[in-house]
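> Before we start, here is the structure in question, set down as structure tokens.
The values are calculated or read from the model by the stated rules, or taken from the named source; none is laboratory data. Just so it is clear, the structure is predicted and the values come from calculations on it, not from any experiment. Positions of Cβ are generated from backbone atoms using ideal geometry, with glycine treated the same way; all protein chains shown enter the neighbour counts. Areas reflect the complete protein model, heavy atoms only, side chains present, ligands, DNA and RNA absent. Shrake-Rupley method; radii C 1.70, N 1.55, O 1.52, S 1.80 Å.
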Number of protein chains: 2
Amino acid sequence: MPAKSTYTALTEHYARLHRYHHLSAILGWDRSAMMPPGGMEARAAAEAELNALIHRHRTDARMAGWIEAAEQEALNDFERANLREIRRDWREANALPEALVEAKTLAEARCEHAWRTQRGANDWAGFLPNFREVLRLAREEARYLADDSGLEPYDALLDRYEPGARAADLARLFGEVRGWLPDLVARIRDKQASERVIEPVGPFPRERQRTLGLEMMKLLGFDFEAGRLDESAHPFSGGVPEDVRLTTRYREDDFTQSLMGIIHETGHARYEQNLPREWLGQPIAQARSFGIHESQSLAFEMQLARSRAFADLLAPMLAEHLGAQAAFEPGNLHRLLTRVRPGLIRVDADEVTYPAHVILRFEIERALIAGEAEAEDVPVLWDSQMAVLLDLDTRDNYRDGCMQDVHWPAGAFGYFPSYTLGAIYAAQWFAAIRRETPDLDAQIARGELSAVFEWLRTNIWSQASRWETPELVRRASGSALDATHLRRHLETRYLG
Amino acid sequence: MPAKSTYTALTEHYARLHRYHHLSAILGWDRSAMMPPGGMEARAAAEAELNALIHRHRTDARMAGWIEAAEQEALNDFERANLREIRRDWREANALPEALVEAKTLAEARCEHAWRTQRGANDWAGFLPNFREVLRLAREEARYLADDSGLEPYDALLDRYEPGARAADLARLFGEVRGWLPDLVARIRDKQASERVIEPVGPFPRERQRTLGLEMMKLLGFDFEAGRLDESAHPFSGGVPEDVRLTTRYREDDFTQSLMGIIHETGHARYEQNLPREWLGQPIAQARSFGIHESQSLAFEMQLARSRAFADLLAPMLAEHLGAQAAFEPGNLHRLLTRVRPGLIRVDADEVTYPAHVILRFEIERALIAGEAEAEDVPVLWDSQMAVLLDLDTRDNYRDGCMQDVHWPAGAFGYFPSYTLGAIYAAQWFAAIRRETPDLDAQIARGELSAVFEWLRTNIWSQASRWETPELVRRASGSALDATHLRRHLETRYLG
């Protein structure tokens with residue numbers, strides 16, 4: 001019997017890490033969806049213990065030698081790709097000195113905690129000192145990651161969320177979008193000004209919304225043998241690929257928030273549920289990136305569920321579960337789900353104005369990390385770009401301006417671009433699906449969604465982290481990432 | 001600054017173990033109450049990983065030296081008691097050779113798994129070979145534990161569930177009970193034969209039962225900031241002291257099962273929720289034993305909730321939540337909740353006949369471990385004692401006879417006595433409470449339950465594992481454990 005290869009030892013190490021992550025994922029879901037408030041202190045201690053264990057495991061002193069030795073072994077392509085992902089994880093776990101990790105944890109916890117009340121109080125002056133410290137440490141972090149990887153500092157942050165993405169490419173891509181977006185928004189607003197939309201009349205009882213949501217998940221192929229739907233204050237998709245935990249939140253005066261939220265999260269869920277089982281437990285079997293993940297939720301929510309064809313499918317479901325009313329006529333329903341209204345809040349934005357929110361944040365955080373802007377410059381940058389991009393005045397309104405998101409107080413620089421990358425990927429996927437299935441809309445209207453699911457399964461879900469992102473995009477869609485698909489999609493849907 | 005004592009190092013080691021147990025408890029609750037079936041395989045692997053971690057931690061090679069060194073240090077009484085409990089845990093974790101643990105795990109899993117279908121098929125012959133192997137390994141286990149502790153083999157098994165309990169004492173105690181029980185049952189049956197009981201008429205919708213259950217938990221002092229109620233196939237009290245997770249199961253044709261089950265589990269829950277917080281994380285802060293735990297659930301379910309006074313309190317709650325009906329008249333309600341009917345199934349037994357089920361099992365398992373009986377002798381022992389104790393014929397009915405419980409297939413010898421110890425303890429606690437509060441029943445009928453709660457808090461909950469069980473009993477009730485209290489309680493309630 002041949003001696004066990006070093007590569008095999010590495011995969012066993014990562015299989016164990018996968019099991020630790022399972023514990024962590026279910027406990028995190030429980031904390032958000034189930035735990036009573038009094039459980040918090042003991043839970044925080046228990047989760048910190050688990051996180052410390054996971055950190056020790058990821059930074060095991062033997063890893064460097066194992067990775068080096070495994071790279072000399074005879075490995076097939078899959079194994080090489082897995083080793084690449086193992087190296088990425090190991091590098092990320094080891095890049096920062098422990099003192100910096102601790103300082104970041106403290107500063108971010110302090111800043112985020114205070115932000116929770118400062119936001120409501122519109123207290124930018126109170127927020128600024130904490131935020132300065134978070135930014136200082138994020139810059140330090142970026143320098144460490146950059147030294148380690150050879151990337152530019154902001155690219156090194158970006159790489160954690162979107163491996164392979166570079167700020168220069170994003171600047172080109174987003175630059176294109178900001179070139180056509182303001183005019184597009186204006187033309188859509190003009191067109192919609194003359195449209196009449198009948199508002200749905202509530203209340204919509206929580207239990208009926210839940211039943212509707214469950215039926216929608218079924219229609220969208222969610223596997224209830226391997227997941228469940230619950231409630232939480234901030235909806236999310238959690239759990240593990242073998243047991244995906246979705247959450248939503250019901251408002252009895254507006255069913256669309258919960259329904260579209262469930263559709264969004266189901267997109268995330270199907271990606272997880274359909275990751276390749278034969279590699280499960282290895283880094284290669286994980287979802288590719290935040291942006292690719294978001295492309296699944298947006299493919300479901302934006303590309304599919306807000307299409308005109310889907311309104312034909314949705315209308316009778318609404319009538320059945322919520323009672324028939326004029327607003328549920330398919331044409332009206334579609335108008336309702338595609339209204340464009342520039343607004344201050346990113347999470348409430350429609351799919352047309354959403355990229356503006358992200359581009360603004362990308363440009364500011366890139367400048368912050370590069371040292372081209374300081375924390376105190378954020379409001380003026382914010383105000384000027386909101387005026388340019390969406391023609392909105394945010395002066396002195398920090399609460400609904402630069403203080404609206406948790407990302408920066410929490411030190412998550414480099415995260416925002418994933419949202420709009422997701423929207424661009426999703427448009428590119430659907431362009432490919434439509435090429436392959438010319439009668440897609442007719443199929444959707446009949447409730448036949450397999451063309452969508454099979455394309456995503458073949459090209460995205462089953463590929464997991466087999467390829468680096470640009471290669472995944474080329475293999476899936478036949479070309480490099482291209483914002484033209486998003487533009488065409490928006491023009492067709494909103495002006496066509 | 002003085003060097004950290006070895007005792008302190010031990011407490012830190014155990015605080016970490018407490019946090020690992022937190023993870024394990026919440027995941028176990030999730031598996032039973034939340035997890036979809038498809039999650040099982042991955043969950044089993046993740047939980048096995050955690051169990052292995054916990055086992056490594058409990059058997060840390062440094063522990064022996066630490067314990068020995070700590071015993072030489074200047075410790076106060078609390079610390080000495082905690083060290084005693086640490087030693088107990090460490091001894092239990094180390095007593096068995098790994099090969100035996102593995103063999104037991106395999107044999108028990110095989111036996112229990114097959115039992116799940118064999119029981120329904122009444123297949124004693126199919127069950128016997130697996131059960132023989134489980135028994136063989138349990139005897140081996142008992143010998144190891146006995147060698148390690150200096151106890152008799154069966155006592156060594158018993159000690160894991162009821163520290164300090166000895167079979168000889170139980171034999172005396174249970175011998176007394178079996179002396180008066182059959183005659184008592186007969187007299188009660190005679191008396192009840194002429195009583196008229198109006199049956200409640202269902203259905204009782206699940207949601208109403210749930211609301212009733214939640215209100216009952218509130219009345220019984222359950223802290224919803226530190227726990228919750230859900231559903232599972234087999235109701236239990238899980239979670240951690242800071243976050244107790246109860247479950248129940250609703251039958252729409254019979255609300256009493258869920259209601260009395262919730263009251264029972266709330267007794268367990270209040271013990272956990274009121275363990276002393278200042279010692280939390282240390283073995284001394286844990287519940288004393290299985291029997292003492294059961295004494296809390298039975299104090300709530302049997303002593304309190306099936307009392308005549310409690311029926312006055314319960315009647316209007318039932319009418320409010322389930323709709324008024326004749327069966328909810330307090331006198332009728334009390335008769336309904338105190339009907340005595342000898343039956344084959346332990347878990348369905350009333351409080352009068354229950355001890356018979358336990359005494360029978362205790363006598364058989366003690367003989368099995370001592371080698372005075374073999375696996376194949378179980379049915380004949382069972383049949384003869386069921387006839388003597390409850391005048392029931394179980395011949396050839398293995399399904400509702402000796403194959404009814406999971407405990408033996410799962411290798412849990414020594415567990416059964418805890419149930420009846422719990423009933424005897426509970427009767428002794430209530431005798432003490434009644435001495436201190438002569439108008440207890442009037443208070444209960446008015447919904448004033450603080451006399452019960454305060455006595456339990458002072459004498460049981462807050463004491464946790466501060467004392468060994470016999471000392472706890474003496475301190476709480478003023479005398480050693482005495483089955484006379486149970487007898488008096490049953491005679492007063494059922495014949496008085």
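> In square angstrom and rounded to 100, what buried accessible area do you get between chains A and B, total over both, with the probe at 1.4 Å?
2700
> Taking A:K4 as the anchor, which aspartates and glutamates have their alpha carbon closer than 18 Å to its alpha carbon, excluding any fewer than eight residues away along the same chain?
Here the aspartates and glutamates satisfying the reach criterion relative to A:K4 are A:E12, A:E68, A:E71, A:E73, A:E79.
> 222 nm [θ] for the protein assembly as shown, helices only, -39500 (n - 2.57) per DSSP H run of 4+, per residue, to 500?
The helix-only estimate for the protein assembly as shown comes to -20500 deg cm²/dmol at 222 nm.
> Report, to two decimal places, the Cα Rg of segment B:351-496 normalised by 2.2 N^0.38 Å (N = number of residues).
Ratio of Cα Rg to 2.2 N^0.38 Å: 1.28.
> Taking 45 Å as R0, compute the FRET efficiency from the Cβ-Cβ separation of A:R110 and B:I345 and round it to 0.05.
0.20
> Which value, in Å² and to the nearest 10, is the accessible area of A:I262 when all protein chains are kept and the probe is 1.4 Å?
0
> For segment A:242-258, what does the Karplus curve 6.51 cos²θ - 1.76 cosθ + 1.60, with θ = phi - 60°, yield as ³J(HN,Hα) per residue in whole Hz, taken in order and with x for Gly and Pro?
My calculation for segment A:242-258 gives 7, 7, 8, 10, 9, 10, 9, 9, 9, 10, 6, 8, 8, 7, 5, 4, 5 Hz in order.
> While we're here: Please work out how much accessible surface A:R62 shows to a 1.4 Å probe, ignoring ligands, DNA and RNA, in Å² rounded to 10.
Estimated to the nearest 10 Å², A:R62 gives 130 Å².
> Give the Debye-formula value of log10 I(q)/I(0) at each listed q (0.10 Å⁻¹), with one equal scatterer per alpha carbon of segment A:1-94, two decimals each.
Results for segment A:1-94 at q = 0.10 Å⁻¹ read -0.36.
> While we're looking at this one, here's another question. Once you list every other residue whose beta carbon is under 12 Å from the beta carbon of A:Q296, what net charge do they have if Lys and Arg are +1 and Asp and Glu are -1?
It works out to a net charge of -1.
> Please give me the summed charge of the neighbours of A:S462: other residues whose Cβ is under 14 Å from its Cβ, Lys and Arg +1, Asp and Glu -1.
+3
> Rank these residues by their accessible area, most exposed first, probe 1.4 Å: B:K4, A:K218, B:K191.
I get A:K218, B:K4, B:K191, largest accessible area first.
> Sticking with this structure for a sec: What list of whole percents do you get for P(r) of segment A:281-364, with Cα-Cα distances grouped in 5 Å bins up to the one holding the largest distance?
Bin by bin from 0 Å, the calculated values are 3, 13, 15, 18, 16, 13, 10, 7, 4, 1, 0.
> Between the alpha-carbon centers of segment B:473-493 and segment B:22-94, tell me the distance in whole angstrom.
34
> Would you work out the Kirkwood radius for the protein assembly as shown? I mean one over the mean of 1/r across all pairs of different Cα atoms, in Å.
The answer is 32.4 Å.
> Okay, moving on. What is the ratio of the Cα radius of gyration of chain B to 2.2 N^0.38 Å, where N is its residue count, to two decimals?
Ratio of Rg to 2.2 N^0.38 Å for chain B: 0.99.
> If ligands, DNA and RNA are left out, what is the accessible area of B:V358 with a 1.4 Å probe, given in Å² to the nearest 10?
So the heavy atoms of B:V358 present about 0 Å² to solvent.
> I need the fraction of alpha carbon pairs in segment B:144-189 separated by more than 11 Å, rounded to a whole percent.
69
> Could I ask something else about it? For chain A, what is the accessible area per residue in Å² when the probe is 1.4 Å?
Value returned for chain A: 41 Å² of accessible area per residue.
> Run the Debye formula on the Cα coordinates of segment A:264-317, all scatterers equal and no solvent, and tell me log10 I(q)/I(0) at q = 0.12, 0.24 1/Å.
Cα-only, vacuum Debye calculation for segment A:264-317: -0.35, -0.88.
> Next question. If you add up the charges near A:T256, with Lys and Arg at +1 and Asp and Glu at -1, over every other residue whose beta carbon is less than 13 angstrom from its beta carbon, what do you get?
That works out to -2.
> Give, ordered by residue number, each residue of segment B:36-52 whose 1.4 Å probe accessible area is reduced by a minimum of 30 Å² on adding the remaining protein chains to the chain alone.
B:P36, B:P37, B:G38, B:A42, B:R43, B:A46, B:E49
> Apply the Karplus parameterisation 6.51 cos²θ - 1.76 cosθ + 1.60, with θ equal to phi minus 60°, to every residue of segment B:455-464 and state each ³J(HN,Hα) to the nearest whole Hz, in sequence, with x for glycine and proline.
Coupling constants for segment B:455-464: 5, 5, 4, 5, 9, 10, 4, 5, 7, 6 Hz.
> Okay, next question. Once phi is turned into θ = phi - 60°, what whole-Hz ³J(HN,Hα) does the Karplus curve with 6.51, -1.76 and 1.60 give for every residue of segment B:82-89, x standing for Gly and Pro?
Result, ordered by residue: 5, 5, 4, 5, 4, 4, 4, 4 Hz.
> Shifting gears a bit: Ratio of segment A:84-235's C-alpha Rg to 2.2 N^0.38 Å, to two decimals?
1.54
> Run the accessible area of chain A with a 1.4 Å probe and give the carbon-and-sulfur part as a rounded percent.
50
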